Amino acid sequence: MSKKRGLSAEEKRTRMMEIFFETKDVFQLKDLEKIAPKEKGITSMSVKEVLQSLVDDGMVDTDRIGTSNYFWAFPSKALHARRRKLQELQNQFSEYCQKKKTLEDGIANSKIGRQDTAERAALIKELAALRQRKDQLKAEIDKYKECDPDVVEETRQANKIAKEAANRWTDNIFAVKSWAKRKFGFEDSKIDKTFEILV
């Protein structure tokens, strides 16, 4: 004799829903733990887990009244839920069909005027030649960029800033040399040599 195979999780869920639909009653967990093994072959140890999964999926309603939790599910609610889901899926399907049709129309429209003709081939060749000419002209412009008035002005401004900075540092060096001469009595040549100042 072969061993009896246990119920799968989906079979347990289906059988648990049968209890609610057949009785159309409200239950506590302890009631279901007694009824489920006898009537539907669901082990009492797994009743709570199966029930919780049904509650999580919105197939069974639950409410706490006082200190007790009550569970119920009526066939009409399941029917309404299925109808609502069916309506959602039908709406999605029609939406996707419309998108598909729009995309197919767009593809068809984009193919219009793109047939391989002698005129199209000539235009593509002309476009390639014009792009090449544009690149050549751009390269030529880049060669003469140094003569561009904006670039020349930018270089003048940069030179002016650099000259001002050089003068500022020269003044700073002379100020430090002057301070060192007064403070320590060094000669200019000795300060220049020690600090490697090129005059």
Original post:
Over 26 Å between Cα atoms, which of 100/125; 125/145; 24/48; 77/100; 12/85 qualify?
Top reply: 100/125; 125/145; 77/100
**OP:** Starting from one equal scatterer on each C-alpha and no solvent at all, send me the Debye-based log10 I(q)/I(0) for segment 1-153 at q = 0.11, 0.17 Å⁻¹, two decimals.
**Re:** -0.68, -1.00
Original post:
Taking the Cα-to-Cβ direction at residue 145 and at residue 81 and moving 7 Å from each Cα, how far apart do the two end points lie in nm?
Top reply: 6.8
Subject >> Computed label-point distance, nm, for sites residue 137 and residue 96 using a 7 Å Cα→Cβ extension >> reply: 5.1
Subject >> Inter-label distance, nm, simple model (7 Å from Cα along the C-beta direction), residue 122/residue 39 >> reply: 8.6
**OP:** Kindly rank 90-99, 26-35 from highest to lowest mean number of other beta carbons found within 10 Å of each residue.
**Re:** 26-35, 90-99
**OP:** Please report, in debye to the nearest 20, how large the charge dipole of the chain is about its Cα centre when each Lys and Arg carries +1 at its beta carbon and each Asp and Glu carries -1 there.
**Re:** 580
Subject >> Rounded tilt (10° steps) of 44-56 against the dominant C-alpha axis of the chain >> reply: 50
**OP:** State to the nearest 20 debye the size of the charge dipole of segment 150-189 about its Cα centre, where the only charges are +1 on K and R beta carbons and -1 on D and E beta carbons.
**Re:** 360
Original post:
For residue 89 and residue 114, what does the FRET efficiency come to when R0 = 35 Å and r is the distance between their Cβ atoms, rounded to the nearest 0.05?
Top reply: 0.40
Original post:
With a sphere of radius 12 Å drawn around the Cβ of residue 140, what net charge do the other residues whose Cβ falls strictly inside it have (Lys, Arg +1; Asp, Glu -1)?
Top reply: +3
Original post:
Which one of 73, 118, 166 has the biggest mean-square fluctuation once the chain is modelled by GNM with Cα springs under 10 Å?
Top reply: 166
Original post:
Stretched out fully, how many nm does the piece from residue 179 to residue 15 gain, at 0.36 nm a residue minus the Cα gap?
Top reply: 49.0 nm
Subject >> Residue (of 103, 76, 180) at the positive-pole extreme of the chain, dipole from beta-carbon charges >> reply: 76
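A short reminder: the numbers here are calculations on the coordinates, not readings from a lab. Since the structure is predicted, the reported quantities are computational estimates derived from the model, not experimental observations. Virtual Cβ from ideal backbone geometry, glycine too; neighbours counted across all protein chains shown.
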